[in-house]
Ligand SMILES: C[S@@+](CC[C@H](N)C(=O)[O-])C[C@H]1O[C@@H](n2cnc3c(N)ncnc32)[C@H](O)[C@@H]1O
């Protein structure tokens with residue numbers, strides 16, 4: 001088994017970022033193609049998104065939804081709040097959050113994949129949504145000042161980064177004191193072995209970067225958060241046989257959680 005230190009050091013970061021961008025360009029442009037994971041309205045509803053909420057969102061954003069949980073059901077977003085969506089993809093969660101905090105609140109989605117941003121922005125413009133914007137950037141170095149947001153949300157993204165600690169520190173920095181981190185992500189019960197963590201393709205498929213759960217929560221707490229709720233998303237299923245094997249062998253799974261900045 002790989003020790004803690006090998007995770008994130010063994011994967012080639014340049015190759016990983018290229019693979020992640022390729023994977024999510026395909027998710028934006030060809031959501032009905034074949035992926036290791038399920039996309040779209042079916043999985044969203046199974047994870048708990050109310051149909052009445054989805055009916056208000058752009059259909060094409062729902063088609064490219066690649067999230068792994070419904071943390072918005074735990075996030076308690078309120079009118080007037082300012083929300084940051086890390087790895088906003090085609091924008092489904094950003095649009096839903098914008099609806100929940102409207103009319104005086106606003107949402108910023110940030111993503112590094114051009115095709116996802118183009119899709120989200122085109123849908124935003126078509127809908128005439130004024131209280132949501134999409135920014136290009138890396139979530140490990142957020143282009144925002146300190147204490148700007150009431151809530152940071154993220155769905156199925158942090159596992160893709162070899163720098164999870166930095167993402168939690170950056171989330172803490174941009175949140176106001178008492179602000180919430182509400183996320184869904186893929187984690188693992190056991191440490192993944194090097195054969196998995198070295199494989200950039202498995203990372204891009206949301207498996208190789210799954211951090212062992214105790215280390216994941218420690219990283220959140222060390223960034224200045226208090227964990228307040230955790231839920232396992234047993235409805236979330238991977239599709240490919242390599243992914244299912246990792247689930248069975250190492251306990252790779254989806255969780256949603258809320259943590260409050262101290
Ligand atoms: C699994 S998709 C989830 C997208 C969206 N949250 C959803 O639920 O549909 C992951 C997204 O995170 C973005 N992403 C991954 N790593 C990132 C990073 N380090 N910085 C910015 N965006 C990143 C990808 O481009 C992709 O759009």
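Some observations on this one:
- When residue 91 is tested against (1) in contact with a strand residue (DSSP E or B) (Cβ under 7 Å, 6 or more places away or on another chain); (2) closer than 23 Å to residue 256 by Cβ; (3) more than 11 Å from the ligand (Cβ to nearest atom), exactly one condition is not met: (3).
- Pairs, first touching a residue at least 12 places away in the same chain (Cβ under 8 Å) and within 11 Å of residue 68 (Cβ to Cβ) in segment 33-50, second outside any loop (DSSP other than H, G, I, E, B) and away from the ligand (no atom under 11 Å from the Cβ), C-beta under 7 Å, six or more apart: 37/238; 44/54
- Flag if residue 44 is within 12 Å of the ligand (Cβ to nearest atom) and either part of a strand (DSSP E or B) or buried (at least 21 other Cβ atoms within 10 Å of the Cβ) (or both): yes
- The selection criterion, being away from the ligand (no atom under 13 Å from the Cβ), at pLDDT 95 or above and part of a loop (DSSP other than H, G, I, E, B), holds for residue 79.
Yes or no, residue by residue, for (1) within 26 Å of residue 146 (Cα to Cα); (2) within 20 Å of the chain's Cα centre (by Cα); (3) not in a loop (DSSP other than H, G, I, E, B):
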| site | (1), (2), (3) |
| --- | --- |
| 23 | no, yes, yes |
| 62 | no, yes, yes |
| 70 | no, yes, no |
| 74 | yes, yes, yes |
| 93 | yes, yes, yes |
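- If you filter segment 106-123 down to residues that are in contact (Cβ under 8 Å) with a residue 40 or more places away in the chain and either away from the ligand (no atom under 15 Å from the Cβ) or assigned to a helix (DSSP H, G or I) (or both), you find that the one that is farthest from residue 61 (Cα to Cα) is 114.
- Which listed residue, of 18, 26, is farther than 24 Å from residue 216 by Cα, within 14 Å of the ligand (Cβ to nearest atom) and at pLDDT below 95: 18
The values are calculated or read from the model by the stated rules, or taken from the named source; none is laboratory data. It should be emphasised that the depicted structure is a prediction, and the values quoted were computed from it without experimental measurement. Heads up, the Cβs are rebuilt from the backbone with ideal geometry, glycines too, and the neighbour counts pull from every protein chain shown.
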